[in-house]
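For reference, the structure is listed below as structure tokens.
The values are calculated or read from the model by the stated rules, or taken from the named source; none is laboratory data. Computed from a prediction, not measured in an experiment: that's the story for all the values here. For neighbour counting, all protein chains shown are included, and Cβ atoms are generated from backbone atoms with ideal geometry for every residue, glycine included.
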Amino acid sequence: MYRIKSIDLFVREITPPRMDFAIGKGKSLFPEWMRLNVEARLMLESRDGRTAFGCSADWPSFGWLDKRPDVDPKQKLRELLQLIIESRTCFLANSEFESPFDCWWNAQEQFYKCDKAKSAVPLCVSFALALIERALIDAVCRLEGNSFFEMLKQSRLGFRPDWIHAELGKFEFASCLPTKPLAEIEIRHTVGLTDPLTNQDLDPSERLDDGLPQTLEDYVKNDGIASFKIKVSGDAAADRLRLQKIWDVIQDSAGSVTLDGNEAFDDAEKLLDYLAMLESLPGLIEKIQFIEQPMNRADTHNENLRPAICEAAKQKPLIIDEADGYIHAFAEAIEIGYLGVSHKNCKGIFKSLANFALCKFRNGNTGTNSLFLSAEDLTSMPLAALQQDFAVVSAMGLANAERNGHHFFYGLKHLTEREKESARAHYPELYRCADHELFLNIRNGRVDVSNLQQPGLGIVEEPDWTSMQPLESWLASFEN
């Protein structure tokens, strides 16, 4: 038996980004007034009186979570932060529990019944639940003195995938995990719609000269990147030209490529035409592994689009991302013709684990590997957000992950000196020191995540809470 003693929410104001970024048809991800991480601290007590902290953090990416065109961006942020506060209330209402999965299950059922969640964008609801879920899992793992992988492998999180996907009733979840967590993860570098591709593309006035790569050409040369995720706009003519330019840069190094539509297609026939266009790009077309979220989320589960989606999937597998806003979204998408789903901690760990189990179960029954999870997350920043996602990815054996927060921000500059010292001490392989700062240590396109296999969910020491502001007080000043 466990008991949640408290859950505190904080805002960490972060340093300005190195550069802006555009996804799909959207605008910059980094307006000046929205440079913050939301962080959670959960205090847990066991039946015998032992206590432990749990933590989590995430960038409140309202622009990706909530794409309603008629709602003011600041209002989107307010609603998201209020959902997080409401999520905390639901976890505290289920403060005594036998397993973290039980606590999460009861909290999310209660949350979906509240008025704020009923009227909210589903993906925002998932995000709000997931922030507290991670802190909960972190605390339980730490209290039991085991890593996340060990707790999963030993079936000590109380995880019941059949509660999410009923067909998994007799499936032995631990058997689908790797024998040990991955020690290395290959970085998949995201190429945004406006990212400079070569040094010639970069206007001298925009050159940062901060010692870090800035163009795609730089990343290939300096970090040995061989895996790429390319944002596409859905405009076949414009994208063909840009894709060819990208291929000219990466063709000698590319091991794999994925495309991300970010809901760019509002017509399935346009998607089929787009796939036909890709055939005119020899070399690149063979490297493309899948296409992520091509259709807008509202049409993803549209039964009428099944023939076109199935036809498209014969050419390249399609996966859902923005449409994965509730626990049954992936299972329903499979019936439409989608073959994969993104894993992101910000959408929920237990949901991803259940989707992972569903893939393993159905693939085992069919003797194929057609269904899959892909690790995706654009702006996970060190320490908690980045490391906790790495811990989950490595536990599921997902060897390739989109990780691009280091592209936008200058290393660990947003952290306090105490937190940086913790990073140096506990994760010496994950970060490197240069110019009196710490940076993600990418070598030959990979990062070493072996140091994350310690008690907890990828985090050893508590964040420096004194450097943050309580969420409620930050929100009050923001609203004024």
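In the same structural domain as ASP435 (by TED's automatic domain parsing), within 20 Å of PHE290 (Cα to Cα) and not in a loop (DSSP other than H, G, I, E, B) - does that describe any residue in the range 204-226?
no
Pick from the range 169-197 the residues that are of a type in the set (D, E, K, R) and within 30 Å of VAL249 (Cα to Cα): which of them is farthest from the chain's Cα centre (by Cα)? Outline the logic, then answer.
Residues of the range 169-197 that are of a type in the set (D, E, K, R), as a first pass: 170, 172, 180, 184, 186, 188, 195.
The next check asks that each one be within 30 Å of VAL249 (Cα to Cα); those that pass are 184, 186, 188, 195.
Details: GLU184: 18, GLU186: 15, ARG188: 13, ASP195: 21 Å.
Across the range 169-197, the extreme among qualifying residues is ASP195.
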* **Yes/no for GLY283 being at pLDDT 95 or above, over 20 Å from LEU177 (Cα atoms) and either within 23 Å of the chain's Cα centre (by Cα) or not assigned by TED's automatic domain parsing to the domain that holds PHE127 (or both)** => yes
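Output the residue which, of all residues in the range 235-245 that are surrounded by fewer than 21 Cβ atoms within 10 Å (Cβ to Cβ) and in contact with a helix residue (DSSP H, G or I) (Cβ under 7 Å, 6 or more places away or on another chain), is nearest to LEU281 (Cα to Cα).
ARG240
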* Scan the helices (runs of 4 or more DSSP H) fully inside the range 277-318 and keep the ones with 1 or more residues being touching a strand residue (DSSP E or B) at 6+ places or on another chain (Cβ under 7 Å) and free of Cβ contacts under 8 Å to residues at least 40 places away in the same chain. => 284-287, 297-300
* To do: Give the residue that is surrounded by the fewest Cβ atoms within 10 Å (Cβ to Cβ), with candidates limited to residues of the range 154-188 that are of a type in the set (Val, Ile, Thr) and in a loop (DSSP other than H, G, I, E, B).
  => THR179
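How many of the residues in the range 90-139 are assigned to a helix (DSSP H, G or I) and either in contact with a strand residue (DSSP E or B) (Cβ under 9 Å, 6 or more places away or on another chain) or closer than 16 Å to GLY158 by Cβ (or both)?
Qualifying residue count for the region: 23.
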* To do: For residues that are crowded, with 20+ Cβ neighbours inside 10 Å and without any contact (Cβ under 8 Å) to a residue 60 or more places away in the chain, scanning just the range 255-267, find the one that is nearest to GLY63 (Cα to Cα).
  => PHE265
* So LYS270, is it within 26 Å of the chain's Cα centre (by Cα), charged (D, E, K, R) and either in the same structural domain as LEU378 (by TED's automatic domain parsing) or surrounded by fewer than 16 Cβ atoms within 10 Å (Cβ to Cβ) (or both) -> no
* **strands (runs of 3 or more DSSP E) (entirely within the range 406-466) containing at least 2 residues that are surrounded by 18 or more Cβ atoms within 10 Å (Cβ to Cβ) and not assigned by TED's automatic domain parsing to the domain that holds ILE137** => 437-440, 446-448
* Asked: Does THR379 count as assigned to a loop (DSSP other than H, G, I, E, B), surrounded by fewer than 20 Cβ atoms within 10 Å (Cβ to Cβ) and among the β-branched types (Val, Ile, Thr)?
  -> no
